[in-house]
Every structure is written in structure tokens, then in C-alpha cells.
1. Show me, for the range 52-57, the HN-Hα J-couplings you get by feeding each phi into the Karplus relation (A = 6.51, B = -1.76, C = 1.60, θ = phi - 60°), rounded to Hz, glycine and proline as x.
2. Is there a quick way to get the dipole size of the range 2-155? I mean about its Cα centre, with the Cβ of Lys and Arg at +1 and of Asp and Glu at -1; what is the value in debye to the nearest 20?
3. From the Cα gyration tensor of the range 46-100, with a ≥ b ≥ c the square roots of its eigenvalues, which class applies: rounded if a/c is under 1.5, or else prolate if a/b is larger than b/c, or else oblate?
4. Might you report the magnitude of the Cβ-based charge dipole of the range 73-116 about its Cα centre, with Lys and Arg at +1 and Asp and Glu at -1, to the nearest 20 debye?
5. Mind ranking 37-45, 68-76 by how tightly packed they are, going by the mean number of other C-beta atoms within 10 angstrom, highest first?
6. Taking Rh as the Kirkwood radius, which is the inverse of the mean 1/r over Cα pairs, what is the Rg/Rh value for the chain?
7. When a/c is below 1.5 the answer is rounded, else prolate if a/b is larger than b/c, else oblate, so apply that to the range 65-127 with a ≥ b ≥ c taken from the square roots of the Cα gyration tensor eigenvalues.
8. Which value in deg cm²/dmol, rounded to the nearest 500, describes the helix-derived mean residue ellipticity at 222 nm for the chain, given -39,500 (n - 2.57) per DSSP H run of n ≥ 4 and division by the residue count?
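What follows draws every value from the coordinates through simple rules; no lab data is involved. All values derive from a computational prediction rather than experimental measurement. Cβ placement follows ideal geometry from the backbone for every residue including glycine, while neighbour counts extend to all protein chains displayed.
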Amino acid sequence: MHYLYSHNDLDGVSCGILARLAFGSNVEIQYVSIQRLDQKIQQHLETAKTTDPLWVTDLSMNSENEERIHTFIELGGSAQLIDHHKTALHLNDHSWAHVKIAHEEDKLASATSLLYDFLIKSDYLQRSQALDEFVELVRQWDTWNGIATKTSVQNG
Ligand SMILES: [Mn+2]
């Protein structure tokens, strides 16, 4: 079983929709606020099985949970964090983190657009025109129409 913890806003919920399409009933999804995430991840990792991949989208995490994920992976588990917030960029030091503020061509990224690309590249999901459009609309909403301003990067 895959476990996904995602932000409880439109961008985060859309990550859940993509995960549901990719993994079907083989994923448990929880939408959480920024304030609750660290507690949720900690609780999850206390009892997590290494055969159950962990996904975190549209949210960052504290250093204790970075450490816990590190240990989980050392024990044979797998984890993937996908985020687009500037405040999470330092997590790119880890092989399990994929944090990107923008796609190419000055196009700001959302967690949904990053996850979409990631799932397609990993052969978990097939690209379709309907999904292209859905993901692009979420990206525009979450990044204030993709206009690169300081505010949109911080709030997205
Ligand atoms: Mn977002």
C-alpha cells in the first residue's frame, strides 16, 4: 500500500487525485494542514512497513522527520517528497526529495504539475489531454496564473 500525505488545499488535493489515478485502491491518502503534517509523518513512520512507499506532496517537513525518513530508507523503505515551495529547497540535499520552484521557460511549478511529470516519467501514470488540462488549470490557480512574482512563489 502506498501512503500519501498531501496539503489540504486545491493543489494538494489534486495530487491526491493523480495518486488515485496512478495507484487505484492501492494508496491511502490523507490531506493535512501545514501545522499537522509533522505530527502525521512522525506517527506514520513510527509504525510504517518498509514495503509501503511514503509520498509527501505540497508540504515540507521538520528536520526530525527528515532524519526519520532517512532511517526508513536505510531500513529498506522508500519515500518521495514533491514540493514547489522555496522554503523546502534545502530538502533537495536528499535523494528522496524533488523540490522545484519552476518548470522550464519561467513557468512556475505547482505540486500537482511536478507530481504529474514525476508519475509519468516513473511509468505510474499515462499522459492524457484531459489530465494535461486539469493539471495546467491547477498550476495556474496555485501559482497565480504562473506569473513569477515574489508573492506567488511564497504563497503557492
Ligand atoms: Mn501548492
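1. 9, x, 9, 10, 10, 10
2. On the way: 12 positive and 22 negative charges, 30 e Å.
Dipole size: approximately 140 debye.
3. Numbers: a/c = 2.06, a/b = 1.82, b/c = 1.13.
Since a/c reaches 1.5 and a/b is larger than b/c, the shape of the range 46-100 is classed as prolate.
4. My answer is approximately 100 debye.
5. Numbers: 37-45: 17.2, 68-76: 14.8.
Highest mean packing first, the order is 37-45, 68-76.
6. Values: Rg = 14.7 Å, Rh = 15.6 Å.
Reported Rg/Rh (Cα atoms, Kirkwood Rh): 0.95.
7. Details: a/c = 3.16, a/b = 1.38, b/c = 2.28.
Because a/c hits 1.5 or more and a/b fails to exceed b/c, the range 65-127 counts as oblate.
8. Values: 6 runs with 71 residues, N = 156.
Calculated mean residue ellipticity at 222 nm is -14000 deg cm²/dmol.
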